[in-house]
Amino acid sequence: MYKCWHHLGVNNLVVGNVLLNKIFTNYNVIARYMKGEDYLDDAKCKECKYSIVCGGGCPDLRLNNPSSKKNETYCSIFKNNMHSFLDIKYSKL
Ligand code: SF4
């Protein structure tokens, strides 16, 4: 098992194996992905009005792609497109 689809095939990011009845084996990776880059510790996210729908975006991008922090590529697609999404949703009602 992996914490993320991005990790498939990366042996040091395996977190467990249900077939071997070893549900969790790599607590370091589990802890890092659950709390290592918590968006609630991010000042921008704390102030962001989209945090309730975003949840801080992709943890893998936050942890492993420092340039994404600068560019905020981990932000929800809703952040810059909410009006368009609402227009589309409303037009379908
Ligand atoms: S949209 Fe960006 S700034 Fe806002 S909560 Fe999500 S990750 Fe944080």
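The values are calculated or read from the model by the stated rules, or taken from the named source; none is laboratory data. Remember, it's a predicted structure, so these values are computed and weren't measured experimentally. No Cβ is skipped: glycine too gets one built from the backbone with ideal geometry, and neighbour counts run over all protein chains shown. Side chains included, ligands, DNA and RNA excluded: accessible areas come from the protein's heavy atoms. Shrake-Rupley method; radii C 1.70, N 1.55, O 1.52, S 1.80 Å.
At a glance:
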| quantity | calculated |
| --- | --- |
| Placed amide H near Lys22: partners under 5 Å, 5+ positions off or other chain | Asn17 |
| Distance (nanometres) between label positions extended 7 Å along Cα→Cβ at Asn12 and Lys49 | 4.3 |
| Estimated dipole of the chain in Debye, rounded to 20 [Cβ of Lys and Arg +1, of Asp and Glu -1, Cα centre] | 80 |
| Accessible area of the chain belonging to carbon and sulfur atoms, whole % at 1.4 Å probe | 58 |
| The chain, Cα convex hull volume normalised per residue, Å³ | 142 |
| The chain - accessible surface per residue (Å², probe 1.4 Å) | 77 |
| Other-chain or far-sequence residues with amide H under 5 Å of Lys3's (modelled H) | Val15 |
| Cα long-axis angle, helix 82-91 against the chain (0 to 90 degrees, to the nearest 10) | 70 |
| Expected-Rg normalisation [2.2 N^0.38 Å, Cα atoms] applied to the stretch 39-93 | 1.28 |
| Residues of the stretch 29-53 with amide N under 14 Å of a point placed 7 Å along Cα→Cβ from Lys89 | 50-53 |
